[in-house]
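J.: Before we start, here is the structure in question, set down as structure tokens.
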4 protein chains.
Amino acid sequence: MPKSAFSEPVLTVAEIEKLLDEVFPQLHHGGRTIMVEQVAPMTARLRLIAHERHLRPGGTVSGPAMFTLADVGIWVAIFSHMGQEALAAVTTNLNINFLRKPPHGDVIVECRLLKLGKRLAVGEATLFADGADAPVAHAVGTYSIPAAKHKVS
Amino acid sequence: MPKSAFSEPVLTVAEIEKLLDEVFPQLHHGGRTIMVEQVAPMTARLRLIAHERHLRPGGTVSGPAMFTLADVGIWVAIFSHMGQEALAAVTTNLNINFLRKPPHGDVIVECRLLKLGKRLAVGEATLFADGADAPVAHAVGTYSIPAAKHKVS
Amino acid sequence: MPKSAFSEPVLTVAEIEKLLDEVFPQLHHGGRTIMVEQVAPMTARLRLIAHERHLRPGGTVSGPAMFTLADVGIWVAIFSHMGQEALAAVTTNLNINFLRKPPHGDVIVECRLLKLGKRLAVGEATLFADGADAPVAHAVGTYSIPAAKHKVS
Amino acid sequence: MPKSAFSEPVLTVAEIEKLLDEVFPQLHHGGRTIMVEQVAPMTARLRLIAHERHLRPGGTVSGPAMFTLADVGIWVAIFSHMGQEALAAVTTNLNINFLRKPPHGDVIVECRLLKLGKRLAVGEATLFADGADAPVAHAVGTYSIPAAKHKVS
């Protein structure tokens, strides 16, 4: 990505977590299970702490739990670079490939931003079992960026 | 679709609901909220009964709840036509477009099968607010059909 | 779809063909092979006339030719309903599933509009061999609608 | 990816180019415009040499030309790691996001393999204008791997 106003994060992990608590408390309904681990230029890494409510028979993480992790991960990557105005971004498209039998334990998502435009932002998400090299899922998502008047705060 | 062994449902709604209870009880964790309403040649219709755990702030149905409804709906359409052997089908790809602000009440999914092959099945899902004409979301999913030895029962 | 300014076509097939000739002459480079057959409320149907340059070894229609047909079909459906201002719409996402061995002869695409918004339009395309019931491919595409000042004429 | 039989290329660039000439001569119909530049563990890089037949008005590379480059790139990455048996792999799904106005000159595609399974292989493709950092398009594709009896040679 070329240097631009959006090429580096403008929020810290602590600021992101605080915003998530304020604007999206239901993410943590039933216990805090999604944690932001790192933001860096054009990337973000989050962790899903395996919890009974995310599991399928056999103890593996469910498809909807992986969908949610990818979707939240890309959204966090977007607003951490565009600023809290972009908290109001909404998912318009998400394409997910399930690649391998999902893990029994935590899932890590590594997100990479592909485009941060005035109207649309696009990012990809690769999901791994904690400590493994082979991805369990991969997603690409598009988000509509609301006009400036839609500011969250 | 041409006439084939798979061009009509081989399970009734009651048989499908019974199988779901047996093989996927966690679908109903927290209360029965997804109901199969109809299966017909190459189609299936399901209903998501709006429940507090599916809602976002403002009371609209969440993205992950719509993802789950589309995914379950296409899977039900597949195994209701291919037989209970296909209960073991697993999602390999799902592409979802969120089209409009989701409803506060029930969501209906109309599923249409596009391909029922030996190795892969593909279907699409259109989601509506109950009673409305304009879709709130649309998904296309691909499912890997396990070899015959993977029979569920 | 609810009745709205965009729920019916505002251009005839003849007007659409004339616009295509004016703004997209390279579509017909090497011979006229894509023809608009019908527009109707929220739908459009086009035909790809099989031509040597679209074929793969064995004489079947190529993947890129089917991609082009789906993409052009949804775009035609959009601007035939939104008016020629929407000729400037650009594809932002296209997801295509190849379902069966493609035909040796003509391919028909049936397009259905899912959303006609101020900023984004979404449609789906089902491709058939001429005269067959089982689809050979299925696509869903998203298009960015430029602001009004981007008028084509 | 974990070490496996498929974690490194088993064909050189020269061997790949020779196979492409033999099994897919129509790729070069009208002049050689797609060249394999490099294969490395789990990746491949190809170049589309800008040619009049790939261009849209204004001189930018067309959507179908970028679709073809992404599709061929992922397919090359797959069979260069799985061996020439996998030349018979066929695209079952391709999801492409167009991110920026495409370039006037050459386009580079960097492909990364996400899964090389017995039945399905999945890869992603990021497209750049030659010399630029910001991607112009991004695609993810799934390929069906034929059973061993379908050997090409």
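J.: Got a number for residues in segment A:43-56 being within 11 Å of chain B (Cβ to nearest Cβ) and hydrophobic (A, V, I, L, M, F, W, C)? Quick ask: steps written out before the conclusion?
T.: Restricting attention to segment A:43-56, the residues satisfying the condition of being within 11 Å of chain B (Cβ to nearest Cβ) are A:52-56.
Checking which are hydrophobic (A, V, I, L, M, F, W, C) leaves us with A:55.
Number of matching residues: 1.
J.: For the condition in contact with a Leu (Cβ under 9 Å, 6 or more places away or on another chain) and of a type in the set (K, R), what is the one hit in C:R32, C:R56, C:R47? I'd like the intermediate steps shown before the answer.
T.: On the way: C:R32 fails: in contact with a Leu (Cβ under 9 Å, 6 or more places away or on another chain); C:R56 fails: in contact with a Leu (Cβ under 9 Å, 6 or more places away or on another chain).
Answer to the selection: C:R47.
J.: Does segment D:54-62 contain any residue that is within 26 Å of D:T12 (Cβ to Cβ) and in contact with a strand residue (DSSP E or B) (Cβ under 9 Å, 6 or more places away or on another chain)?
T.: No: zero hits.
J.: Pairs please, first residue from segment B:117-132 and without any contact (Cβ under 8 Å) to a residue 24 or more places away in the chain, second anywhere and open to solvent by 20 Å² or more (accessible area, probe 1.4 Å), Cβ atoms under 6 Å, 6+ apart in sequence or on different chains.
T.: B:V122/B:K115; B:T126/B:E110
J.: Taking the conditions exactly as written (among the small types (G, A, S) and open to solvent by less than 10 Å² (accessible area, probe 1.4 Å)), does D:A77 satisfy them or not? So that I can check it myself, show each step before the final result.
T.: On the way: among the small types (G, A, S): yes; open to solvent by less than 10 Å² (accessible area, probe 1.4 Å): yes.
Against the criterion (among the small types (G, A, S) and open to solvent by less than 10 Å² (accessible area, probe 1.4 Å)), D:A77 qualifies.
J.: Report yes if B:V109 is outside any loop (DSSP other than H, G, I, E, B) and more than 9 Å from every other protein chain (Cβ to nearest Cβ), otherwise no. If you could, list the steps in order and put the result at the bottom.
T.: Values: outside any loop (DSSP other than H, G, I, E, B): yes; more than 9 Å from every other protein chain (Cβ to nearest Cβ): yes.
Answer is yes for this residue.
J.: Please find, among A:G63, A:G59, A:G31, the residue that is at the interface with another protein chain (Cβ under 10 Å from one of its Cβ atoms) and either in contact (Cβ under 8 Å) with a residue 24 or more places away in the chain or surrounded by fewer than 23 Cβ atoms within 10 Å (Cβ to Cβ) (or both). Give the derivation first.
T.: Values: A:G59 fails: at the interface with another protein chain (Cβ under 10 Å from one of its Cβ atoms); A:G31 fails: at the interface with another protein chain (Cβ under 10 Å from one of its Cβ atoms).
Step by step, each of A:G63, A:G59, A:G31 is checked, and only A:G63 is at the interface with another protein chain (Cβ under 10 Å from one of its Cβ atoms) and either in contact (Cβ under 8 Å) with a residue 24 or more places away in the chain or surrounded by fewer than 23 Cβ atoms within 10 Å (Cβ to Cβ) (or both).
J.: Let me ask something else about it. Across segment C:81-121, what is the total count of residues that are touching a strand residue (DSSP E or B) at 6+ places or on another chain (Cβ under 7 Å) and small (G, A, S)?
T.: Total satisfying the criteria: 3.
J.: Return only the number of the condition from (1) in a loop (DSSP other than H, G, I, E, B); (2) open to solvent by less than 30 Å² (accessible area, probe 1.4 Å) that D:V72 does not satisfy.
T.: Single failed check for D:V72: (1).
J.: Turning to a different aspect of this structure: Restricting attention to segment C:97-120, and to residues there that are within 13 Å of the chain's Cα centre (by Cα) and not β-branched (V, I, T), which single residue is farthest from C:P41 (Cα to Cα)? Full working, then the answer.
T.: Going residue by residue through segment C:97-120, those that are within 13 Å of the chain's Cα centre (by Cα) are C:107-113.
Next cut, not β-branched (V, I, T) only: C:110-113.
Working: C:E110: 13, C:C111: 11, C:R112: 9, C:L113: 9 Å.
So the residue we want is C:E110.
J.: Please tell me if D:T43 is among the hydroxyl-bearing types (S, T, Y) and surrounded by 18 or more Cβ atoms within 10 Å (Cβ to Cβ). Step through it out loud before you land on a result.
T.: Details: among the hydroxyl-bearing types (S, T, Y): yes; surrounded by 18 or more Cβ atoms within 10 Å (Cβ to Cβ): no.
Spelling it out, it is not the case that D:T43 is among the hydroxyl-bearing types (S, T, Y) and surrounded by 18 or more Cβ atoms within 10 Å (Cβ to Cβ).
J.: Same structure, new question: Identify, from the list D:F128, D:F79, the residue that is under 22 Å from D:P41 (Cα atoms), out of contact with any Gly (no Cβ under 9 Å at 6 or more places or on another chain), more than 8 Å from every other protein chain (Cβ to nearest Cβ) and part of a strand (DSSP E or B). Spell out how you get there, then give the answer.
T.: Working: D:F79 fails: part of a strand (DSSP E or B).
Result of the check over D:F128, D:F79: D:F128.
J.: Looking only at segment B:88-124, which residues are open to solvent by 10 Å² or more (accessible area, probe 1.4 Å), among the hydrophobic types (A, V, I, L, M, F, W, C) and within 17 Å of B:S7 (Cα to Cα)?
T.: Within segment B:88-124, B:L116, B:L120 meet the criteria.
The values are calculated or read from the model by the stated rules, or taken from the named source; none is laboratory data. The shown structure was predicted, so the numbers you read here are calculated from the model rather than taken from an experiment. Because the Cβ atoms are built from the backbone with ideal geometry, glycine has one as well, and the counts that use them run over all protein chains shown. Note: areas computed on protein heavy atoms with side chains; ligands, DNA, RNA excluded. Shrake-Rupley method; radii C 1.70, N 1.55, O 1.52, S 1.80 Å.
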